[in-house]
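The values are calculated or read from the model by the stated rules, or taken from the named source; none is laboratory data. It should be emphasised that the depicted structure is a prediction, and the values quoted were computed from it without experimental measurement. Positions of Cβ are backbone-derived with ideal geometry, glycine not excepted, and every protein chain shown enters the neighbour counts. Note: accessible area is taken over every heavy atom of the protein model, side chains too, but ligands, DNA and RNA are not part of it. Shrake-Rupley method; radii C 1.70, N 1.55, O 1.52, S 1.80 Å.
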Amino acid sequence: QQKVQQSPESLSVPEGGMASLNCTSSDRNFQYFWWYRQHSGEGPKALMSIFSDGDKKEGRFTAHLNKASLHVSLHIRDSQPSDSALYFCAASEHDSGYNKLTFGKGTVLLVSP
Amino acid sequence: EAAVTQSPRNKVTVTGGNVTLSCRQTNSHNYMYWYRQDTGHGLRLIHYSYGAGNLQIGDVPDGYKATRTTQEDFFLLLELASPSQTSLYFCASSDGGGRVNTLYFGAGTRLSVL
């Protein structure tokens, strides 16, 4: 069973709109979450991490974590065509030291002009 | 920004062939990782290392060997390549310390096993 599940598989939003991506872990040991973004032809790059319940905002990106339900979401405000990419949620048992991340399958985001 | 360089970028081999994928990081990071990316599976960890001479088994290690020769260099070896190993391979590094431990990925190696 996939320990980190993402939804939806793909998402299309208009330029300037709000994109919302979801991620749930089925393993209670996974308490620490990251979002990574991968543009076509490139390696994934870290967007942000979230370790505490509640919201974390970085520019147009806001992550929300609910540890009780092991659910994390990523909201992209004022989406731009350059945000079109594959977004991965990743989870870990630890927030430091050896960082073995378990990745979800990803959500493809398409932002249309 | 952290630099992770993979070579080659593309590789084609035949079933039963030997392949070595190379990765070098210039960030003085302790940890290095090999992942494979497949449609429908996301990124899956093959092997990882926390220093020269160290090797740890990941989640999908079958058919792969790895070797960490220096702090900078991490190699992935496919000694009898099979078509199921056709994939996009990523190397990554991380510092291994501090509370926010980000992985830095290379640009990937696309491997085709015919």
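Within the option set B:Arg24, B:Arg44, B:Arg36, being more than 10 Å from chain A (Cβ to nearest Cβ) and within 19 Å of A:Gln38 (Cα to Cα) holds for one residue only, B:Arg36. May I ask you to list the residues in the range B:74-96 that are of a type outside the set (S, T, N, Q) and buried (at least 24 other Cβ atoms within 10 Å of the Cβ)? Scanning the range B:74-96 gives B:Phe74, B:Phe90, B:Cys91, B:Ala92. Look through the range A:57-75, keep the residues that are part of a strand (DSSP E or B), over 11 Å from A:Cys23 (Cα atoms) and in contact (Cβ under 8 Å) with a residue 12 or more places away in the chain, and return whichever of them is most open to solvent (accessible area, probe 1.4 Å). So the residue we want is A:His75.
Residues in the range A:1-24 that are under 14 Å from the mean Cα position of the chain (by Cα) and open to solvent by less than 20 Å² (accessible area, probe 1.4 Å): A:Val4, A:Ala19, A:Leu21, A:Cys23.
Quick check on B:Ser112: is it more than 8 Å from chain A (Cβ to nearest Cβ), in contact (Cβ under 8 Å) with a residue 12 or more places away in the chain and in a loop (DSSP other than H, G, I, E, B)? In short, no.
Please tell me if A:Ala91 is touching a residue at least 60 places away in the same chain (Cβ under 8 Å), in a strand (DSSP E or B), within 14 Å of chain B (Cβ to nearest Cβ) and in contact with a strand residue (DSSP E or B) (Cβ under 7 Å, 6 or more places away or on another chain). Criteria met by A:Ala91. When B:Tyr50 is tested against (1) at pLDDT 95 or above; (2) of a type in the set (Ser, Thr, Tyr); (3) over 12 Å from the mean Cα position of the chain (by Cα); (4) closer than 21 Å to A:Tyr32 by Cβ, only condition (1) is not met. All told, B:Ala107 falls short of being over 19 Å from A:Tyr32 (Cβ atoms) and away from chain A (no Cβ under 14 Å).
Kindly evaluate B:Leu45 against the criterion of being more than 25 Å from A:Ser49 (Cβ to Cβ) and in a strand (DSSP E or B). The answer is no for B:Leu45.
Has the range A:43-56 got at least one residue that is touching an Asp or Glu at 6+ places or on another chain (Cβ under 8 Å), part of a loop (DSSP other than H, G, I, E, B) and away from chain B (no Cβ under 14 Å)? Looking for residues that are touching an Asp or Glu at 6+ places or on another chain (Cβ under 8 Å), part of a loop (DSSP other than H, G, I, E, B) and away from chain B (no Cβ under 14 Å), one finds none in the range A:43-56, hence no.
A Cβ distance below 9 Å, combined with a sequence gap of six or more or placement on separate chains, defines the contacts here; from the range A:1-17, residues that are of a type in the set (S, T, N, Q) reach residues that are surrounded by fewer than 13 Cβ atoms within 10 Å (Cβ to Cβ) and part of a loop (DSSP other than H, G, I, E, B) in the pairs A:Gln1/A:Ser26; A:Gln2/A:Ser26; A:Gln5/A:Ser26. Looking across B:Val60, B:Val14, one residue alone is β-branched (Val, Ile, Thr) and more than 19 Å from A:Lys105 (Cβ to Cβ). It is B:Val14. The residue that is nearest to the other protein chains (Cβ to nearest Cβ), among those in the range A:25-40 that are surrounded by fewer than 20 Cβ atoms within 10 Å (Cβ to Cβ) and of a type in the set (Ser, Thr, Tyr), is A:Ser40.
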